[in-house]
Each structure stands twice: as C-alpha cells, then as structure tokens.
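As structure tokens, the structure follows; a few thoughts come after it.
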Amino acid sequence: MIIEKIIKKLKNDPGYKWDSAYSTRDLFRVSKYRSVQIMRGLFLKPFLKKSSGLLFIGSRVKVRHGYQLTAGKNLILEDNVSINALSTTGINLGDHVSIARDSILFCTGVIAQKGIGITIGNRTGISARAYLAGQGGITIGSDVIMGPNVQIFSENHNFSDLSLTIKEQGVTKEAVTIGNNCWIGAGTIILAGVNIGDGCVIAAGSVVTKSMPANSIIAGVPAKMIKSREGI
C-alpha cells in the first residue's frame, strides 16, 4: 500500500507494517489531515532554531520562542499543543517525536528565573495532556512511551522560613532524567530530582518521588519498585 510505503520511508523503518485494513475513505481522510498538518509545518519551520525534516502541525498549536526549539525529522505536534522554549538550553526534540493534543511544554515559570530546558530523544511519544515543566531541566530518552495526563516537574518552592511568604523564598531547581525504552502510565506524576533508569515501567496514577534503577516496575503513591523486569 502506497501510504504504508511512504510512512516506512519517513520513519526509515523497513519493518514498519499496518496491522489493520483501512477503507479508501479512511486513507483519504488520514492523508488529507496529514497534508494540512504539513502545510502548517511549512509556515512554522522558518521560525525554529533548526528543523531536520517534515513538521506535522495540528490546529491551534502555539510555539513561543521558537528560535530556541530544535526539531528532528518528522516532528508531530497535535491540536492545541503549547510550547514555550524560553530557557538556557532550549527545547531539543529528536527524530520521529510525537506530542499529542493539549500537551504543554515550558521551561521558564517566573520570568526573573530563567529555566534550563527540555530534551526528548528519538521515537518518543508524548500522549495527550502531558505537562512538562522544564525549569530545572528535563531529559527524556529515546523510545519512551507515555499515557495521557503525565506530569513532570523539575522545580520546587522553598518554604522553610516561617517569617516569609512561600512566594518570597524562591525555588530549588532539580533536573529530571528518564532513560530509554520506558513506559510511563497514564496520570503518572514525576517530581523534581528523580532519575528513572532505562527500561522502566511505571503504573498508571503513580507519584514518583525518588529515583529508580533500570528495568524497574514501579507503582504506588508514593511510588516504589514492585519488582524488576529482569526477574520476569
């Protein structure tokens, strides 16, 4: 099928296959939608720091400070995605990254405290309504998959001084790192300073407050390591 061959070439994946049969009507609608996204991408491309391939841009996508956004090949930003790349290192997206609808990526909260930035590796999929706050730096590896409503924070408010309001006490920035080949379930919250090793699986609804070794299966509030994938 011609569309399957086109996708195979775009992904540079000779083994890419569709598991389901689609009607001519289905294929027409998908092709039309993707074509419109490519047209929007052509308008956005000149405003980015760098873009290596096609941009598939949904409706009502907002990209602020695009001169600090680097995109790899075939970036997909679905409807209503909001990105603000203002930061020290900017936002760097690898090849074949997809960010689903209503997701928010930003790097600077209070303008007086410039944030660090966000880096996402190759072939990583960010699902709907993700909230990535990169003030302290967020690094997500390659081949990571996320369920909807994942939240990642890399900054905390200080609150130890009772003589001052919490707002007056400033913040502490702590980077978050997520390794390669991780599966992060829907509604997971990952807090500042956490490092997730390669190959981890995090159950839906978990609140991850501490770092976890590679190949951990993680669940709970607060989350803990249930077992290792190496023992399955």
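The values are calculated or read from the model by the stated rules, or taken from the named source; none is laboratory data. Bear in mind the structure is a predicted one, so any value in this text is a computation, not a measurement. Ideal geometry is used to build each Cβ from the backbone, glycine not excepted, and the neighbour counts take in all protein chains shown. Please note that ligands, DNA and RNA were not included when accessible areas were found on the heavy atoms of the full protein model with its side chains. Shrake-Rupley method; radii C 1.70, N 1.55, O 1.52, S 1.80 Å.
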Charged-residue dipole, Cβ positions (Lys, Arg, Asp, Glu), the chain about Cα centre, Debye nearest 20 = 860
Kindly identify region 93-232 as rounded, prolate or oblate by the Cα gyration tensor criterion: order the square roots of the eigenvalues as a ≥ b ≥ c, call it rounded if a/c is under 1.5, otherwise compare a/b with b/c, prolate if a/b is larger, else oblate.
-> oblate
What pairs in Lys45/Lys114; Lys114/Lys167; Lys173/Lys227; Lys173/Lys224 have C-alpha atoms more than 20 Å from each other?
-> Lys45/Lys114; Lys173/Lys227; Lys173/Lys224
Measure nothing fancy, just the Cα-based angle from helix 24-44's long axis to the longest principal axis of the chain, in degrees from 0 to 90, nearest 10.
-> 60
Whole number in Å², please: accessible area per residue of the chain, 1.4 Å probe, ligands, DNA and RNA not counted.
-> 54
Whole-Hz couplings from phi, Karplus 6.51/-1.76/1.60, listed for region 89-105; x for Gly and Pro | 10, x, 10, 10, 10, x, 6, 6, 8, 10, 10, 7, 4, 6, 7, 10, 10
Among beta bridges that DSSP assigns inside the chain, antiparallel share in %, nearest 5 = 15
Amide hydrogen neighbours beyond the local backbone of Ser103, cut-off 5 Å, H modeled = Val81, Ser82, Arg129, Ala130
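When only DSSP loop residues count, what chymotrypsin sites (Phe, Trp or Tyr not before Pro) in region 111-177 have their Cβ near at most 15 other Cβ atoms within 10 Å? Spell out each step's value before the answer.
Details: sites: Tyr131, Phe153, Phe159; in loops: Phe159.
Here the chymotrypsin sites (Phe, Trp or Tyr not before Pro) that fit, given the DSSP loop and packing criteria, are Phe159.
If I compute solvent accessible area with a 1.4 Å probe over the protein chains, what percent of it on region 130-232 is carbon and sulfur? Intermediate results must be reported in sequence, preceding the final value.
On the way: 2860 of 5000 Å².
Here it works out to 57 percent.
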Identify, among Gly109, Ser87, Thr70, the residue whose Cα sits farthest towards the positive end of the charge dipole of region 29-116, taking +1 on the Cβ of Lys and Arg and -1 on the Cβ of Asp and Glu, with the dipole about the Cα centre.
-> Thr70
Cut-off under 5 Å, modelled amide H: who pairs with Ser154 long-range = Ala133, Gln135, Gly136
Rank Thr165, Gly141, Ser127 by how far each Cα sits towards the positive end of the charge dipole of region 122-178 (+1 on Lys, Arg Cβ; -1 on Asp, Glu Cβ) and give me just the farthest.
-> Ser127
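What is region 54-144 by shape, rounded, prolate or oblate, if you read a ≥ b ≥ c off the alpha carbon gyration tensor as root eigenvalues and call it rounded for a/c under 1.5, prolate for a/b larger than b/c, and oblate otherwise?
The shape class here is prolate.
For a quick check of your reading of the filter: which trypsin sites (Lys or Arg not before Pro) in region 14-83 sit in a DSSP loop and have no more than 13 other Cβ atoms within 10 Å? Present the calculation step by step, with values, prior to reporting the outcome.
Working: sites: Lys17, Arg25, Arg29, Lys32, Arg34, Arg40, Lys49, Lys50, Arg60, Lys62, Arg64, Lys73; in loops: Lys17, Lys49, Arg60, Lys73.
Of the trypsin sites (Lys or Arg not before Pro), the ones in loops of region 14-83 whose Cβ has at most 13 other Cβ atoms within 10 Å are Lys17, Arg60.
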